[in-house]
Structure formats: C-alpha cells, structure tokens
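The values are calculated or read from the model by the stated rules, or taken from the named source; none is laboratory data. Note that the structure is predicted; figures quoted are calculated from it, not measured. Note that each Cβ is placed from the backbone with ideal geometry, even for glycine, and that neighbours are counted across all protein chains shown.
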Amino acid sequence: MNQELSEQINNVKSVLEARLSTLEDKRSILRSVELKALYEQIKTLPDENKAAYGQAVNELRQQLSQLVAESESSAQALSAIDVSAPFAINSTKDRRPGLLPANSGSEHPIMSEQAKILDIFKGMGFSVVESREIDDDWHMFGALNFPEGHPARDHYDTFMTTQTDVNGKQWIAPAHTSTMQNRILEHYKPDLENGSPIAVVIPGRVFRNEDVDARHEHTFYQMEGVYVGENVSIGNLIATLKVFLESYYEAEIKVKTQPFYFPFTEPSLEFSMSCPFCNQAGCRVCSYSGWIEMLGCGMIHPNVLKFAGIDASKYQGFAWGCGIERFIMLKHGIEDIRLFESGRLDFLRQFSLGGGGEQ
Amino acid sequence: MKVSLNWLKQLADDVQLPVHESDLIDRIGSQLGQVDSVSDLRPLYEKAVIVKVVQCDNISGSDHLHSCLIDDGGVFKGIEREDGRHVRVVCGAPNVAQGQLVVWLPPGAMVPSSAGKEPFILESRKLMGVISNGMIASAKELAIGDDHDGIVVLPDDAGLKAGDSFMNYLALDDLIIDIENKMFTHRPDLFGQLGVVRELAGIYGLKFTSPKWYDENRQIVSGSSNIDLTIDNQLIDDGCPRFMAVAIDGLSVEPSPLWLQSYLARVGIRPINNLVDVTNYVMHVTGQPLHAYDLDKVKNDHSVEFVVRYADAGEELELLDGSRVKLLEKDIVVASRTKALGLGGIMGGADSEISQTTQSIVLECATFDMYAIRRSSMAHGIFSEAVTRFTKGQSALQNRAVLGYAIDLIKRLNPGASIISEVLDSLSEQIKPPAEVKTGLNLIETYLGSSRPVDEMAKMLTNVEFEVSSNEQYLKVIPPFWRTDILEPEDVIEEIARLIGFTNLSQQLPLRRIAPPEQPGLINLKQAIRRLLVSGGANELISYSFVDAKLMQASGQDTAQAFKLSNALSPQLEYYRTALVPSLLSRVHLNHKAGYEHIALFEIGKIHRLDCLDEDQLPLEPERLALVVSAVAKLAKSVYDGPAYYQARSYLDFMLGGLGIDPAVISYLPLENTLKNKQWQDSSKLYDSNRAAVVMAGDQMIGVIGEFAYAPKQALKLNEFSAGFELDLSQILRLRQTHQLTYAPLSKFPSVVQDMTVETSAAMTYQELSLKLHKQIEQLMPQDLDLKAKLIDIYRSDEAPDSIHWTFRLTATSIERTLTDQLVADLIDKLKNLLS
C-alpha cells in the first residue's frame, strides 16, 4: 500500500478519534461517512493495493469498535457498591444471595474418577505429580528417545505454538503425560540411589491435533505411571496394572497383551483386560469380544533412564499411560467424548450429589 | 500392513504353519501386533467355477450381448441345463468367444467386487428374452485386477479343465490379515510378507530358513554390457547409502499373469503391468521398494548416468501420479545430468515412466535415509507405499538379494529378457553388517522375572535366523542382515520375551518399603475446594485450554500475551487462555437457554502467558480457580436483594472458611490494583470497577472478584445478575498453610450476646470499619474477655443518604468469670463512641 493511502487512513483515524468524545451515541462513529468512504474506495484501487488497504481499513474499524466498547463500558458502569462488605446495603437477611442448594452441585466426572484412581495408586505407594500443558521439544520427544525428525513422532499429532523456546524450537502442547518422565526421573534419582524405588503417577491434560468426533477429542486426560528400581521385571509391570484394575473394578480380571512400539519403552505393550462388566460373557461395552483395551505400557527404554542420569545397567523400570475418559465412558456408557468439555449442565448435573437437583 | 496367509505359506514351503486359523490370529495379536481386521476370501470365491465356452452367438437386437453355452463339467447342481449338459449365460464382454476357458459365477454366488459394499447376489434371469444363469466375470468383478474391458480368459496351457475350482487355481482360499502398522515402526522387515512369515514361524517355535534367493551376497550375472550405467552418488554419506541399478532389455509390456495380479489385489495394490507389478510384488515380499525407469527415456546413446543429489532451488518435477511438485532444497532426487527423474524413495517422475511401448528398463533398488524421506514426504504431503517402508529404515544389506529376485521374476514373465549392463552398486562404507549384541544372562533373568535355559532362548532366536552363542555370563547374538532394530541388550530381551509371550512370564508385584508417598499439597487443595464448592451447589466444568481471539477480546484479554498455536484445529482453538473466567462466561448463556435459571459454575485449571516464565525460561503454569454465578433477571429480582457481586462473595467466603483460612487476613482493594500485576492486568477490562475488587492477603494479591463490565456482558449475552471470581491457587495454598484458623478453648462461663448499631458516614467501607472495630476491641477488652463481632445488617435510609447504620452481633465470652449484661453493655457503649 502506498504512502498516500496510509496517510489517508491515519487522517480519518485522528478525525474520528477526536469526534468520539463529543458523540452521544458512540456507536454511530462506526457508521460515519468518513469510514464508509474508506470502504467505498476499495473498489477503485488497483488489485495489488486492495488487500493491504482493505486490511488496514478493517483494522481501523476494529480499533474504533474497541474504543466504542470501552467508552460504553464506562458510560454503562454500574452504581458503586461497598465491595468489602459481605452483603448488600439494605438487604434483608433471607433475601441475601447465598449458596445454591447442595443437591444441585456436581464434581466433574473426570475429576472424581481421577481422584478415585489416584487413591488406589497412593495406596500402592505412588506419589502424584501433575503434568504440564506446555512443554518443550526435549521433554515431549528428545528425552523420550524420539530422535529429531524420527518418523515415530508422526504418531503424535502435536499442537505447536508460534512462539519458540530458548533453543528456537516451537513449544508443544503435550500429546502424552510422558512429557513429565524425564523431570520425574531426575527429581527422584537421589531417592532411587538411596534404595527407594521411584513410584509416581502423573495425571494431566493432553492434546492431539486430530479431528473431533464422538470418540476423539483434541483435549483429554491421561494418567502416566512410572516405576524404577532394581530387578524390575516385565511381570512386575503386568502384575501392577492388573492389581490396579482389579482394585478399581472390584473384580478379578484376566490380562492380555499385544506387542506395540513406543520409542521410550522396550518392550512396549498394549494392555487389555477381560471385560469386568460381563465377565467375558459378551456385552456392548466390550463389543461382545470379552476384552477391553485399556492402556499402553512397557519397560522404560535404557536411553530414557540414561537421559535422566540413571544407571541403566543397575536399574530398570516400567511406565504406562492410560486415558481417564475411557474409564468413565465404559463405566457410565457415555456415548460421546465431547460431552466432557461441553460445559453443559444437562450432562454435568447427572453427576450431582442429589441426582440433578432442581433447575 | 495386509498379510495374505497363502502368500506367507508359499514363502515358507518347508515350514508347516498350524492350520488352526483362529489360534494363528490370536498369536499374531499377542506376539506380533494388533490385528485390525481379518477377511476371509473363501465366501467370495468358493462358488466360482472354471468353465469352457462351447457356443457363443450374438443376440439379435443387441449390439453387444452374446448368448453363450458353457460347460461346467457338471459340477454345479440344481440348474436347468440344455441338452442335459450345458448352461446358458448371457455375456456382454467384447472378448468372449467359443472355446475359451473362463470364470463362471453361478446363480447364488456373490460378485466378489461387491463384497463390503452392497453385496450383489447373482440369479437366473432373462436378458433380451434369453435366460442367463449367473455371469461370466471380468477381473474387476472378481476383485483380482483392474481390467473391466472384458472377461477373464484363462490360459490353455495351465492344465485347467471345465469344472475346476477357480478359488483353488489362484489360491484364493485365503485369509487377509490386516496388522496395525504402528507396531512395526522399528521393524522394516515386517513390511514384507517374508518378514511376517519368519516371525510367525518363530512364534510357533519353528525353525525358519529364508528362501535361497534371499541372499545378501547373491550374484547377478550380466548378459552383455551394451549400456554403460554409471552413478554420481553425491549423498552416499547421508541421504542415499546404497544405490543399485541394472539395465534390462527384451521386454514386452503386458498385463501380469493372474496369479501375480491376484496377490497384489488381495493386499490392496492395483495391478498395472508386468513390470510395475513385479516391483510392487517384490516390495510386498521383502519390504524393499524398487523403481523401474524406461531405459529409452533416460539413456544418452549407450550410457545412462544417474546423479543422486539434493534438489536445486526452484527445480520442478512431474510425478507418476500426474502431480507437479516444486522441489525443496533437502529433497533427494535421482536425476540425469540435466534434470530430476524422480523424488528419491518417494515417487518416480512421469518423464521416465514405463509405458505400453517400453522394451527396456533400468531397475533401481536403492536405500534412502528415513529422516530425509520423512521430511520430504511431510513437506509435499505424499504418503506412498515406498514412503511407508523407507521411513522404517529398510536395511541396505538386502538390496542385492531383492534386485536379484526382481530380475528372476521379470525373466519369468518375459522369457526374452536379458541384462544389458553391469550391476551398478554404490554402497556407503558406513553400511556394516549388524554388530554382535552381548546380553547379560542376569539382565535377561531380571526382565523375565525368572531364569530360563540358555538353550531354549538360543533356539528361539536361531529360529528367526539370528546367530547365537553363549557363555556362562552372556548370550551373544548377531542379528541377521535385514534386522536394523537390534542394537541394545534390551532389544534382544524384547525378542525373547515376545516369543515366550509377555503374559506367560511370572507376574509378581514389585516389593517396596512401606514409607507413605509424599502428600501432594496442591492436588489435595484442589480436591478440598472441589468438594466445598460442590456442597455449595456449584457445578464443576472443564473447558479447553485453547480459546479464540473473539472470546479473549470480548473479555478484555490481550492476545498479544497469549501463546498462539501455529496449527490450531480451528480459530476457536487458537490461543492458550490467559484467564479462566472467560471460559466459564462462554458457558453461561447456553445453560440458561437449556432451562437452568440460576447457576454457579466453577473450573480449576492452568493459565499461560508469554510474560510468565520461570528461571529456566519455561512457561509458568499458574493454577487458578474461577467461579461464576448467574441468574435470569426474573428470578434474581423476585428472590434477591442487592447485586450479584454478593453471591460471588458468598461463595468466596464459604470456600475460604471451609478451607479454614482466617478471614481477617483477606482484604479488598480497588480494581485498578490489577494493573500493577501483569498476571492480572487484563482483569481491569473484564470487570466493572465499581463492583469489583482485588482480593488481597496481606500484601499478596490472590485474585479478583466482581461483576462484569458492560462490553463483555453484551458480547457474551450475560445477565445483569452475574458475577464471579478468579483466584491464584498457589496463594490459597500458602494461606492455608500460614493462616489456618485455630481452635479456641470453650469457656465454662456463659457468653453474653448483644447487638450494636454504629452510624458512620456513607463513605465508610465495611473494611475500614471492621479494621477500626477490631483495633478498638483489642485495646478495650480486658485480658480474659473475648469479643466476637459479626455484621448482621447494613442500613441507609432514603431520608439520610449520607450516613450508614451498621449492626453487629457481639458475642462476649470470658474464660475466667461470668459476664454481666451491664459490663458488656458498657463496653459496647465505649466501642460505639469510638467508632461513630
């Protein structure tokens, strides 16, 4: 856009800004002839100027609406009250707004289920550390044995920010709670070397850049588990997860595994349990297969231990990650994962103390 | 990765795979990788019969239909036959003729190509007045090829006769097992049928021996050297560690034989011609992609020079699929001296494509760096079968075997074919045979949870062609040349554990000390808050960490301070939120609309700001609690006195009280104070300064509470009766630890309760008055006397708007004596005078 055009816009800008304070109806500035004239002019311009000019005029309009909104806000300001008082002046005691009835209150089902799961792991001696919602490339990938540019990264459709970290790398919205593994291993390394195995569960929100439907959300909750000690076996991993599931479902279950691939575990497994809802007789929850896939897990790759400064010849460990929504959807037969973050009371109040309360 | 069971069996003719198919599929699932689907081809082909066309006449009045009599050897039962023997079928194919051996789908059979769609079941019906029983099928209808122009005509010299089973002829009594690709990210060998069958043998404890042709050192004998084939491999040290090629003459391009077409078709590959099909067939056997160039299109006199290099800036290339790509600097191209011929390892170029007239080719068998292939594939959005395989890191050591096998097949299909160049082999010195991996027997025992006989473990590995030796301490293995994934002892252990079956290992819980895990302060606090607010009738919701610019602008948040996604799913999810209250506000209107007239919503979550980084420059993630109350106008008016602000306050006071935090530590400052704190500065635009306050604890800001400013209220369709707060949970946690209310011992003496009304100027705030009051109480009260004051009423009359009457309920208690009403009344009088 040439000098002349931008000056023209700036002139209109100062004229209109000055006029704004004099106007009764502030919003009328957005309908001013000057602004209209600027828009009118677009069609007379040569093509190469149109886009930049149009954008500049739109920006001006945006700024003006902002000013209008602000002045309206102050013009429409409410009467002042004593904000330090606990209730309103001249209010009668039984008409003061207090709390709503307890039976309409509800805890979010993800949070109550997460708490239940955490309780089991706390009882098994696991500490709890929450996951991050922004992390760097090193923790999300590098420290987990995903080399730079490795095709295994393609399995994680990550969101990234336009902003970059000190190494010039884009920040990442973590696609798994494993993003915390390296920090946790480093943090608890002294305990490990003093003879206390590392046992931590990591709940948190994770993000995947994928199309959303009834079964897929771009934002969901995971829980990671990490255990490192001496003489840790694959059987330890399977047994730990099995007793957790048995405690959670208060039922005996059978376990099935499938080999899998994660760069940060070797071997890597997918872990299925016998359906606790039908005891393998076949039901809708398990799609009449008798089995339900629950989580991914494996023995921590020695490189992951090494990256955290842990002697991989002396210590082994296992890790797993599972989705929290899955537990709740299975339990309640929830059909659409998008309901969890919908903020709809129709959904939330079904989990209320009083079975929904009154509207 | 689609696997054909019959293809596997054919590659392993000396190993007897078990016949029990469901067990086989279970074992693949538990010891190889997740089975996505299994499709049984038998129902598609079991009714198809090979028949002879004994008579073929045009149907008068039709320009293409033929009335045919076929001989099915009498195998099909229950059909009307002419002359007691032959069956009448109408056929529209132009190539049908008397004497042909063709494939007949009798009435009751399903057309195989309709499987998985709407199944088309054949019957007997009249066409142009002629009865037609079933159909004579084309390759496309049989789902064994792409040819739709005519029916399949079977060769005369294949020993076939009328009445033979078509299914048996092409081994279509097959299971197609689709195994999840992700499993094989580190197993390039499993992208070929050969790798899968070897692994299956291993799973069943059977010794597998690769076919003779699969030999890394095999000789490829050149017939003559008419063509001078050379290479300038500029990327031998990084992008292209091996490039083999050979020129072949004497070819004629035709459709492939049916067996070849049908194997490709059943794993989802479209047959094209007898040259391209061979490259695809060999790739599906070995996992190694190949490429064929039309020799005439790449040669210069009698020489062909290949250059392997990175693309030049601005270079363009038309690919086999007809698309034209602008090449990027780090794309690997295979080129002639003058121009790029193909995008190496991803897709060949259109200029040198095999055509119907091709008579000679250059066959390439090269290895490209997986990282480079991934980078270019992502950049151009091309995800070919070759990309799938090269990005797993194919072993460069199998190229000679693969090239030799491809030449064998080409010769089989083209008896006149001969090699007319030297075998070109540009091989990087960095390519070494797999190194020996030494794995401690102790480590194996640790992972497995028990010791296993060394011989047993050795046998498992030799079954899949590892070289194994051992001593008292170590199991030593040399992986076969096609395995690129066995680098560490743990990789060997994975192999052993998987072949045993993970769930067959002994399952024991880890032993641990009984020390309790540390208490997670913040998590416990959040849980306590949640329980409190829920008991106060509030609903917890969870909303996305990502919000849109519109919501941020509507609620006065500065997008310039927000982390922005470069690849957001939609504009609604573009920014990391810098406050929680706006997310809650965006959920208010929809819930009122759904019929909830009075709501209290809360959320606990993290916020992010560009200017909030820790000492390592990592974004801080302050944890916040936000709560919003809102009621529709009619309800608010009929039920409540006063503004919504005080309902938000009720929740705040209730929550802090429930957490045991001393209310005396909390104070309220004007909203402008948020401007001093960058984490909170945007709040000044969200709230109405006349009805909002900064919540302080001593000199620490812990949050903001208030009603919302006009602009956000308009933009978010909020009710007049709406208010909320947002608090920093680390501050609440600190308060909970430092300002916990403590127990006061009960007195043996009764308390005296009296009300006191104080009149002040209208400018006086509760906070000021309360401070004064407590100061005076402290000064006036005798040592043994505890006086608690609770505000119960605030009154201002219309007649005297300049003054306010505050009524406190005072409760006086002594731990030493019985108080008299008079004593308390005197004290209150003194207090009152001091305050008014």
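List the number of the failed condition for residue A:68; all other conditions in (1) free of Cβ contacts under 8 Å to residues at least 40 places away in the same chain; (2) in a helix (DSSP H, G or I); (3) within 36 Å of the chain's Cα centre (by Cα); (4) within 13 Å of chain B (Cβ to nearest Cβ) hold.
Condition not satisfied by residue A:68: (1).
Look at region B:423-442 and say how many of its residues are touching a helix residue (DSSP H, G or I) at 6+ places or on another chain (Cβ under 6 Å) and either within 14 Å of another protein chain (Cβ to nearest Cβ) or among the basic types (Lys, Arg) (or both).
2
Got a number for residues in region B:789-831 being over 16 Å from residue B:771 (Cβ atoms) and either free of Cβ contacts under 8 Å to residues at least 12 places away in the same chain or more than 12 Å from chain A (Cβ to nearest Cβ) (or both)?
26
Here's the yes/no breakdown for (1) surrounded by 21 or more Cβ atoms within 10 Å (Cβ to Cβ); (2) within 7 Å of chain B (Cβ to nearest Cβ); (3) among the hydroxyl-bearing types (Ser, Thr, Tyr):
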{"residue": "A:132", "(1), (2), (3)": "yes, yes, no"}
{"residue": "A:147", "(1), (2), (3)": "no, no, no"}
{"residue": "A:161", "(1), (2), (3)": "yes, yes, yes"}
{"residue": "A:190", "(1), (2), (3)": "no, no, no"}
{"residue": "A:196", "(1), (2), (3)": "no, yes, yes"}
{"residue": "A:201", "(1), (2), (3)": "yes, no, no"}
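Condition first: in a helix (DSSP H, G or I), of a type in the set (A, V, I, L, M) and buried (at least 18 other Cβ atoms within 10 Å of the Cβ). Now tell me which residues in region B:544-564 satisfy that. Let's see the steps before the verdict.
Residues of region B:544-564 in a helix (DSSP H, G or I): B:549-554, B:559-561.
Going one step further and asking which of them are of a type in the set (A, V, I, L, M), we end up with B:549, B:551-552, B:554, B:560.
Correct list: B:551, B:552, B:554.
Does residue B:571 satisfy the criteria of being of a type outside the set (Lys, Arg), buried (at least 19 other Cβ atoms within 10 Å of the Cβ) and over 28 Å from residue A:119 (Cα atoms)?
Answer is no for this residue.
Kindly provide the set of residues from region B:389-440 that are more than 30 Å from residue A:312 (Cβ to Cβ) and among the basic types (Lys, Arg), ordered by number.
B:389, B:400, B:411, B:412
Looking at A:143, A:115, A:80, which one is surrounded by fewer than 19 Cβ atoms within 10 Å (Cβ to Cβ) and in the same structural domain as residue A:338 (by TED's automatic domain parsing)?
Unique residue meeting the criteria: A:115.
Identify, from the list B:44, B:24, the residue that is touching a helix residue (DSSP H, G or I) at 6+ places or on another chain (Cβ under 6 Å) and outside any loop (DSSP other than H, G, I, E, B).
B:44
Of everything in region B:415-436 that's of a type in the set (Asp, Glu) and assigned to a loop (DSSP other than H, G, I, E, B), which residue is surrounded by the fewest Cβ atoms within 10 Å (Cβ to Cβ)?
Result: B:429.
This table checks each residue for (1) more than 8 Å from every other protein chain (Cβ to nearest Cβ); (2) part of a loop (DSSP other than H, G, I, E, B).
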residue: B:472; (1), (2): yes, yes
residue: B:491; (1), (2): no, no
residue: B:514; (1), (2): no, yes
residue: B:542; (1), (2): no, yes
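Check whether at least one residue in region A:246-262 is more than 7 Å from chain B (Cβ to nearest Cβ), buried (at least 22 other Cβ atoms within 10 Å of the Cβ), touching a Leu at 6+ places or on another chain (Cβ under 7 Å) and closer than 27 Å to residue A:150 by Cβ, and report yes or no.
no
If only one of B:733, B:659 is in the same structural domain as residue B:551 (by TED's automatic domain parsing), surrounded by fewer than 22 Cβ atoms within 10 Å (Cβ to Cβ), touching a Lys or Arg at 6+ places or on another chain (Cβ under 6 Å) and under 20 Å from residue B:623 (Cβ atoms), which one is it? Lay out the reasoning, then the answer.
On the way: B:733 fails: touching a Lys or Arg at 6+ places or on another chain (Cβ under 6 Å).
Answer to the check: B:659.
Suppose we filter region B:606-638 for residues that are more than 16 Å from residue B:731 (Cβ to Cβ), facing chain A (nearest Cβ under 7 Å) and in contact (Cβ under 8 Å) with a residue 12 or more places away in the chain; how many remain?
Final tally of qualifying residues: 3.
Six or more apart or on different chains, Cβ atoms under 7 Å: show the pairs whose first residue is in region B:215-240 and in contact (Cβ under 8 Å) with a residue 24 or more places away in the chain and under 12 Å from residue B:424 (Cα atoms) and whose second is aromatic (Phe, Trp, Tyr) and surrounded by 14 or more Cβ atoms within 10 Å (Cβ to Cβ).
B:231/B:243; B:231/B:306; B:233/B:243
Name every residue in region B:685-699 that is touching a strand residue (DSSP E or B) at 6+ places or on another chain (Cβ under 9 Å) and either part of a strand (DSSP E or B) or crowded, with 18+ Cβ neighbours inside 10 Å (or both), in order of residue number.
Pass one, region B:685-699, residues touching a strand residue (DSSP E or B) at 6+ places or on another chain (Cβ under 9 Å): B:686-698.
Matches in region B:685-699: B:686, B:687, B:688, B:689, B:690, B:691, B:692, B:693, B:694, B:695, B:696, B:697.
Residues in region B:50-72: is at least one within 27 Å of residue B:263 (Cα to Cα), of a type in the set (Lys, Arg) and loosely packed, with under 14 Cβ neighbours inside 10 Å? Before the answer, list the steps.
Taking region B:50-72 and keeping what is within 27 Å of residue B:263 (Cα to Cα), we get B:50-53, B:72.
Keeping just the survivors that are of a type in the set (Lys, Arg) gives B:52.
With loosely packed, with under 14 Cβ neighbours inside 10 Å added as a condition, the list becomes none.
No, every residue in region B:50-72 fails to be within 27 Å of residue B:263 (Cα to Cα), of a type in the set (Lys, Arg) and loosely packed, with under 14 Cβ neighbours inside 10 Å.
Within region B:283-303, can you find the residues that are of a type in the set (S, T, N, Q), buried (at least 19 other Cβ atoms within 10 Å of the Cβ) and more than 13 Å from residue B:345 (Cβ to Cβ)?
B:286
Have a look at A:282, A:321, A:296, A:317 and point out the one that is more than 14 Å from chain B (Cβ to nearest Cβ) and part of a strand (DSSP E or B).
A:321
Which condition from (1) at pLDDT below 95; (2) surrounded by fewer than 20 Cβ atoms within 10 Å (Cβ to Cβ); (3) not hydroxyl-bearing (Ser, Thr, Tyr) is the one that residue A:165 breaks?
(2)
Output the residues belonging to region A:100-118 that are within 7 Å of chain B (Cβ to nearest Cβ), part of a helix (DSSP H, G or I) and closer than 23 Å to residue B:599 by Cβ. Explain how you work it out, then say what you get.
The first filter runs over region A:100-118 and keeps only residues within 7 Å of chain B (Cβ to nearest Cβ), leaving A:100-102, A:104-108, A:110-111, A:115.
Those left that are additionally part of a helix (DSSP H, G or I): A:102, A:104, A:110-111, A:115.
Once the filter is applied, which keeps residues that are within 7 Å of chain B (Cβ to nearest Cβ), part of a helix (DSSP H, G or I) and closer than 23 Å to residue B:599 by Cβ, region A:100-118 yields A:102, A:104, A:110, A:111.
Hey, does region B:194-209 have a residue that's closer than 19 Å to residue B:395 by Cα and part of a loop (DSSP other than H, G, I, E, B)?
Checked region B:194-209: at least one residue is closer than 19 Å to residue B:395 by Cα and part of a loop (DSSP other than H, G, I, E, B).
Take residue A:340 and decide whether it is at pLDDT 95 or above, over 18 Å from residue A:231 (Cα atoms), crowded, with 18+ Cβ neighbours inside 10 Å and in the same structural domain as residue A:181 (by TED's automatic domain parsing).
Judged against the criteria, residue A:340 is a match.
Of B:223, B:268, which residue is outside any helix (DSSP H, G or I), more than 14 Å from chain A (Cβ to nearest Cβ), small (Gly, Ala, Ser) and within 28 Å of the chain's Cα centre (by Cα)?
Result: B:268 is the single residue among B:223, B:268 that is outside any helix (DSSP H, G or I), more than 14 Å from chain A (Cβ to nearest Cβ), small (Gly, Ala, Ser) and within 28 Å of the chain's Cα centre (by Cα).
Exactly one condition in (1) among the β-branched types (Val, Ile, Thr); (2) more than 16 Å from residue B:484 (Cβ to Cβ); (3) touching a residue at least 24 places away in the same chain (Cβ under 8 Å); (4) surrounded by fewer than 21 Cβ atoms within 10 Å (Cβ to Cβ) is false for residue B:338; which is it?
Unmet condition: (3).
Tally up the residues in region B:106-136 that are assigned to a strand (DSSP E or B) and either touching a helix residue (DSSP H, G or I) at 6+ places or on another chain (Cβ under 8 Å) or surrounded by fewer than 20 Cβ atoms within 10 Å (Cβ to Cβ) (or both), please.
8
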